[in-house]
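Let me begin by presenting the structure, written as structure tokens, before commenting on it.
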Amino acid sequence: MRLRVSNLNRLTTVSHLVDLFVPFGLISFVRIAMNRYNGDSVGIALVEIDHEAGVNAIASLHNLLFMNRYIQVEETVPNV
């Protein structure tokens with residue numbers, strides 16, 4: 001399952017996200033979207049995790065206060 005995590009603090013790193021999601025299950029991919037002009041985070045990330053773990057992560061993490069921001073966690077539709 002691919003999850004979109006938005007409203008992230010600009011200082012959030014991949015390690016922060018791995019630490020946040022690893023209690024739910026095996027993570028296969030994490031990527032933080034970066035501004036291509038200045039290299040800063042745009043506050044959005046993609047996380048791939050198995051389906052059951054993803055459902056549990058959404059239920060637990062959506063609207064969670066994380067690094068002083070209320071994050072949004074939702075399933076995305078994979079690119080075809």
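Structural remarks
- Volume per residue for the chain equals 86 cubic angstrom (convex hull of Cα atoms).
- The magnitude of the dipole of the chain, with charges of +1 and -1 set on the Cβ of Lys/Arg and Asp/Glu and taken from the Cα centre, is near 320 debye.
- Farthest toward positive dipole pole in the range 2-75 [+1 Lys/Arg, -1 Asp/Glu at C-beta], among Gly39, Gly25, Phe66: Gly39
- Count Lys and Arg as plus one, Asp and Glu as minus one, and take only other residues whose Cβ is under 15 Å from that of Pro23; the net charge is then -3.
- Local net charge near Ile44, Cβ-Cβ under 10 Å (Lys/Arg +1, Asp/Glu -1): +2
- Net +/- balance of residues flanking Gly54 in space, Cβ distance below 9 Å, scoring K and R +1, D and E -1: -3
Bear in mind these aren't lab numbers, they're just calculated from the coordinates by the rules spelled out. Only a predicted model underlies this, so the values are computations on that prediction, with no experimental measurement involved. Every residue, glycine as well, gets a Cβ built from its backbone with ideal geometry; the counts of neighbours run over all protein chains shown.
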